[in-house]
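Nothing in this text is a laboratory measurement; each read-out follows from the coordinates by a stated rule. Because the structure is a prediction, the values reported are computed rather than measured. Methodologically, a virtual Cβ is constructed for each residue, glycine included, from the backbone with ideal geometry; neighbour enumeration extends over all protein chains shown.
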Amino acid sequence: MKWHPFLNAGLAVAYIGAVSVFLRFIESIRHDTPDTWIDGVGFMSLFVFSAAVMAFLFFYQPVSLLVDNKRAEAVSYFFKTIGLFGIVTAIVLTLATLQ
């Protein structure tokens, strides 16, 4: 499968949405319980995992292109991914303010 900037941006948004739904679910079942040390461990683990997922989605293909000496394509691919992600983020935030 050939990766595309729109696919990467869409997967990033989908991942963020899934994490948001997961955190809301956890909050709904644990709303009356006190915080414990395991909450901090869980948060940091999710944070590191999320950083790895986002690094893969945003940097893997551009770095692969750089390794193949395709600098212009790598830069274009990266900025297309970031731009599309920014547009989708702006749309989501706009829709959130309309509710």
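Any idea which residue in segment 1-15 is nearest to P62 (Cα to Cα), counting only those that are without any contact (Cβ under 8 Å) to a residue 12 or more places away in the chain and surrounded by 10 or more Cβ atoms within 10 Å (Cβ to Cβ)?
H4
What single numbered condition from (1) over 15 Å from the mean Cα position of the chain (by Cα); (2) among the hydrophobic types (A, V, I, L, M, F, W, C); (3) surrounded by 13 or more Cβ atoms within 10 Å (Cβ to Cβ) fails to hold for A72?
Unmet condition: (3).
Here is a list of conditions, (1) closer than 14 Å to P5 by Cβ; (2) free of Cβ contacts under 8 Å to residues at least 24 places away in the same chain, and V21 meets all of them except one; can you say which number that is?
(1)
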